[in-house]
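Each remark here refers to the structure printed beneath this line.
The values are calculated or read from the model by the stated rules, or taken from the named source; none is laboratory data. All values derive from a computational prediction rather than experimental measurement. Virtual Cβ from ideal backbone geometry, glycine too; neighbours counted across all protein chains shown. Heavy atoms of the whole protein, side chains included, go into the accessibility calculation; ligands, DNA and RNA do not. Shrake-Rupley method; radii C 1.70, N 1.55, O 1.52, S 1.80 Å.
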Amino acid sequence: MTDTVTVKLHVEEKPDIVYRDRVIITPEIITFIYKLDSTEPVNGIWPIRAEVYGRRRMVRPGRWSFNSPARKTEWFYQGWPEHWPAWLIDLGAEHRPHQP
């Protein structure tokens, strides 16, 4: 089993994220999960997952959705780099744990 490290950041003034062309997330808390034995990024991304918590609303106004607008968490995975905005990839690289 691989050990992981979690880095939780309270963020302000980060751009909204359009996630999978369905919802818009205004980030408030970003949690990165890293594998300790990772020697290089996968798909250019260091964390194995990012959890972005914040205000969530639908991309298309008037489209019906439960609890919209609401605060929710959306997950971003290394295996799907197309969903990651460039600034989130850069933030993940900046905060990755350093190996001794």
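By the helix-only formula, in which each DSSP H run with n ≥ 4 contributes -39500 (n - 2.57) and the sum is divided by residues, the chain has a 222 nm mean residue ellipticity of -2500 deg cm²/dmol. Considering only Trp87, Trp46, Trp75, the mean-square fluctuation computed in a Gaussian network model of the chain, springs between alpha carbons under 10 angstrom, is largest for Trp87. Among the listed options [x] 14.2; [y] 15.1; [z] 18.8, the one matching Kirkwood radius over Cα pairs in Å as calculated from these coordinates is [x].
Solvent-accessible area of Glu74, all protein chains in place: 30 Å² (probe radius 1.4 Å, heavy atoms, ligands and nucleic acids excluded). Sorting 48-58, 8-18 by their mean Cβ neighbour count within 10 Å, with the most densely packed peptide first, gives 48-58, 8-18.
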